[in-house]
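Participant: Got a structure for you, written out below as structure tokens; questions coming shortly.
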Amino acid sequence: MPKITFVNRDGSRAEVEAPVGETLLDVAQSHAIDIEGACEGCMACSTCHVIVDTADYDRLPAPSEDEADMLDLAYGLTPTSRLGCQVVVTEALDGLTVSLPRDAHDLRGD
């Protein structure tokens, strides 16, 4: 099973097993990684914004036009930003590292 490393807002790292076919959002939420996903993966918000490690970015398929448009609304956008709900885990992504933006606007209010 592929392993994905999430770098949390505080800089701590969590390496987790990620089932093939799940999105990064689903993987993060199933491992209690602090990522929101307010629209529950429908690509109607940008609260699952992640920053892919520069060395790993080219391993991902290009974002769709709809994802690119939604990313324009993400806080702290970078050249390697993606929506976690749109990145599907494959064996080729084993070892992928993604960071949660240091600052985020959490709509949950908790």
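Participant: For the peptides 68-79, 9-20, what is the packing order when you average, over each peptide's residues, the other Cβ atoms within 10 Å and list the highest mean first?
Facilitator: 68-79, 9-20
Participant: Starting from region 23-110, pick out the GluC sites (Glu not before Pro) whose DSSP state is loop and whose Cβ has at most 14 other Cβ atoms within 10 Å.
Facilitator: Passing sites in region 23-110 are 40.
Participant: If you don't mind, another one. Cα-Cα pairs above 16 Å in region 15-64: how many percent?
Facilitator: 47 percent
Participant: Could you work out the relative contact order of the chain, using alpha carbon pairs under 8 angstrom and six or more residues apart, expressed as a whole percent?
Facilitator: Relative contact order of the chain: 40 percent.
Participant: Looking only at Cα atoms, what is the convex hull volume of region 3-99 per residue, in Å³?
Facilitator: 91 Å³
Participant: Give, in nm to one decimal, the length gained when the segment between residue 68 and residue 44 is fully stretched (0.36 nm per residue of separation minus the Cα-Cα distance).
Facilitator: In short, 7.4 nm is gained.
Participant: Please give the length that would be gained between residue 32 and residue 20 if that part of the chain were fully extended, namely 0.36 nm times their separation in residues minus their C-alpha to C-alpha distance (nm, one decimal).
Facilitator: Once the chain is fully extended between residue 32 and residue 20, it gains 2.5 nm.
Computed from the coordinates by the stated procedures, all read-outs in this text should not be read as laboratory data. These numbers come from a predicted model, not from an experiment. Note that we place each Cβ from the backbone using ideal geometry, even for glycine, and neighbour counts take in every protein chain shown.
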